[in-house]
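One structure below.
The values are calculated or read from the model by the stated rules, or taken from the named source; none is laboratory data. Note that this is a predicted model, so its numbers are computed, not measured. Cβ placement follows ideal geometry from the backbone for every residue including glycine, while neighbour counts extend to all protein chains displayed.
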C-alpha cells in the first residue's frame, strides 16, 4: 500500500497554520538548525514544510522547555527551603497563613517580570540619572528665568531695588519648588522600598 503523499506548505502557509507571524517563523528557523524543512528557501524558490513534522518537532521543543522550567522550579524551591532552614528556627512552627515557598517564588518571578517590562517600556529609570536630569533642568530654568526677569526690568525701567526684590522672590520660589519635588521623590522611593520589603 502506497504511503499518503506529503502535504508541503510554504513559509507563509506554515506560519498561518501555526498561527504565528513570519518573523516568528524566521526566528525559529534561526534558533533551531534542525527545524524540519523539506526544502530551504532561496531566491526564486519557496520554503517547503511538512506540517506534521513541524508540529511533532515543536511539540518536542515545548516538552523540553516545560521540563527545563519544571527543573528550575524544583531547584528554586529546594534553595528556598534551604534558606528557610538556615534563617528560621526549627522549633518555630510555620504559620498556616504564611506564604509558601512556591508562592514566594511566584512573587519573585512577578516582581522580576514587572521590572523587565518597565525596563522594556522605558518606565524604569536609574535614580542618579533622574537626579542629574532634574538638577540640569532646574538649573537651566533658573538661569533662563533670571535672564527673562532682568530683560523685563530693563524694558519696564524697574528701579534696582524692585529688580533685586523680584530676583530674591523668584529664587525663594524656585528653592521651595525644588525641595517639594525632592521630598515627593524621596517619599515615593521610601514607599517602593517598603513595598519590596513586604514582597521579599
Practice problem: Give the residues of region 32-54 that are part of a helix (DSSP H, G or I) and touching a helix residue (DSSP H, G or I) at 6+ places or on another chain (Cβ under 8 Å), sorted by residue number. | Solution: 51, 54
Quiz item: When you scan region 17-27, how many residues do you find that are over 20 Å from residue 6 (Cβ atoms) and either surrounded by 11 or more Cβ atoms within 10 Å (Cβ to Cβ) or touching a helix residue (DSSP H, G or I) at 6+ places or on another chain (Cβ under 8 Å) (or both)?
Solution: 6
Quiz item: Quick one: is residue 180 surrounded by 12 or more Cβ atoms within 10 Å (Cβ to Cβ), farther than 30 Å from residue 105 by Cα and modelled with pLDDT of 75 or more?
Solution: no
Quiz prompt | Only listed residue being out of contact with any strand residue (DSSP E or B) (no Cβ under 6 Å at 6 or more places or on another chain), at pLDDT below 65 and farther than 29 Å from residue 76 by Cα, chosen from 187, 196, 131, 174 | solution = 131
Quiz item: residue 158 versus (1) touching a helix residue (DSSP H, G or I) at 6+ places or on another chain (Cβ under 7 Å); (2) modelled with pLDDT of 70 or more; (3) not in a helix (DSSP H, G or I): which is the lone unmet condition?
Solution: (1)
Practice problem: Considering (1) at pLDDT below 80; (2) more than 30 Å from residue 167 (Cα to Cα), say which one residue 65 fails and leave the rest. | Solution: (1)
